[in-house]
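Report on the structure given below.
The values are calculated or read from the model by the stated rules, or taken from the named source; none is laboratory data. Here the structure is a predicted model, which is why all the values come from computation and not from measurement. Quick reminder, even Gly has a Cβ in these numbers, built from the backbone with ideal geometry, and neighbours come from all protein chains shown. SASA here: full protein model, heavy atoms, side chains in, ligands and nucleic acids out. Shrake-Rupley method; radii C 1.70, N 1.55, O 1.52, S 1.80 Å.
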Amino acid sequence: MKKTEIKIYKEILKAEGEWAAKTRECLKNHNIVMLNLIGSPGCGKTALLEVLLPRMAQRVRCAVLEGDVETARDAERLGHLGIPVSQIITQGTCHLNAQIVNKAVLELPLDKLDLVFVENVGNLICPTEFDIGETSKLAVLSVTEGEDKPLKYPFLFREARAAVLTKIDLLPYLPFERAKCLDYIAQVNSELPVFEISALASQGLTALADWIYVLETE
Amino acid sequence: MHEFGICQNIVNIAREELNKLPQKNVHLIKMRVVVGKLHAIVNENLKMAYGILTRDTKLHDSELEIISEPVVAECKECGYRNQVKGNFFVCGQCESGMLEIIKGKELYIENLEVEYEED
């Protein structure tokens, strides 16, 4: 037997990247912005969409791709809004992958849309790792979590274009140190805008919506 | 456990590359992957995933070598480059937070060490 070394220098996520590039190209051709919402289970991603969509749908044409490991419950929650919502069930996989998202995007009425929200599977690591062709990632963090999340998951807070701090109406009842959390975010990414919102109390939504309106396709 | 998804890609690429080789009875001994620290990959988890995903396949007794690359950033204001430690993304010289990551996002297979039958 003979031994040899073969240099290959192959990107490990090349196949994923190619699907993501196809989606990005398609969105660009239709002038559609796609936002990838990434946050822990229970951080309020669906609740955010429930209050943000009725507000934004008056100005821009929206659709939602709902990613979940199991069940179509989140898509059902948004079903009454009268906008296209499709549920992607990953069947155990902890993130949406670029190929599945590409298929789901192509099934949307692209000529009738300006903005697509993707609610990724609740998880701070895997969805950050896998590019799905989005215009921007949005990091969603709630005040019921630890304020040190940005330090524990720096890749998300580096990759995201903005962070949303949710459930701020609960701040008076929690030991969550808001200033510390904002400091941690700034420590990881000083250029990251942070929107502090409450879905229940309809707080802070205008600033977030205004920021989204001016995003442009890549 | 994003290591599993990443590892599935590693195994797929290794298989494709081995199939491309003209030599007969090619056997993978070792594969070297380079992983930037920003990916938050736990080496033990990646190796465990590799063991599971290659079980009962041609790659089953091959070794996965993982080279970890530190996170290095360049300051957009003063140009100073330094290693990011403790997730403190601040320039070590002027303390600006306007940094560009220039290392630490790597995720590629560098080489395959194979043995094969001589003609």
*Considering lysine pairs in the range A:1-157 that are 8 or more places apart or on different chains, how many have Cα atoms under 17 Å apart?*
8
_Taking the range B:4-82 and dividing mean pair separation by its residue count, relative contact order in percent (alpha carbons under 8 Å, at least six apart)_ = 37
*What order do you get for B:78-87, A:196-205, B:62-71, B:6-15 when each peptide is scored by the mean count of other beta carbon atoms within 10 Å, highest first?*
B:6-15, A:196-205, B:62-71, B:78-87
*Over both sides of the A-B contact, add up the buried accessible area with a 1.4 Å probe and give it to the nearest 100 Å².*
3300
_Quick check for you: with a 1.4 Å probe and neighbouring chains kept, what is the accessible area per residue of the range A:1-147, in Å²?_
43
*Hey, how many Å between the Cα centroid of the range A:1-40 and the Cα centroid of the range B:64-113?*
21
*First check a/c for chain A, with a ≥ b ≥ c the square roots of the eigenvalues of its C-alpha gyration tensor; if it is under 1.5, answer rounded, and if not, answer prolate when a/b is larger than b/c or oblate otherwise.*
oblate
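On the protein heavy atoms, probe 1.4 angstrom, tell me the percent of accessible surface of chain A carried by carbon and sulfur.
49
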*Picking from A:Thr71, B:Gln8, A:Leu215, whose Cα lies most toward the positive end of the charge dipole for the protein assembly as shown (charges on Cβ: Lys, Arg +1; Asp, Glu -1)?*
A:Leu215
*Shielding by partners, peptide B:90-100 (average Cβ within 10 angstrom, other chains)*: 2
*Across the residues of A:9-20, average count of Cβ atoms on other protein chains within 10 Å?*
5
_Solvent-accessible area lost in complex, 30 Å² minimum, residues of the range B:2-30 relative to chain alone, 1.4 Å_ = B:His2, B:Ile6, B:Asn9, B:Ile13, B:Glu17
*Report the relative contact order of chain A, percent, no decimals, based on alpha-carbon pairs under 8 angstrom and at least 6 residues apart.*
25
*Tell me, in nm to one decimal, what length is gained between A:Lys7 and A:Glu25 on full extension, where the rule is 0.36 nm per residue of separation less the Cα-Cα distance?*
3.4 nm
*Give the ranking of A:Thr71, A:Thr128 by solvent-accessible surface, highest area first, calculated with a 1.4 Å probe.*
A:Thr71, A:Thr128
_Nearest 10 degrees is fine. How inclined is helix B:2-20 to the longest principal axis of chain B, computing both from alpha carbons?_
50
*For chain B, which whole percent of the accessible surface, found with a 1.4 angstrom probe, sits on carbon and sulfur atoms?*
44
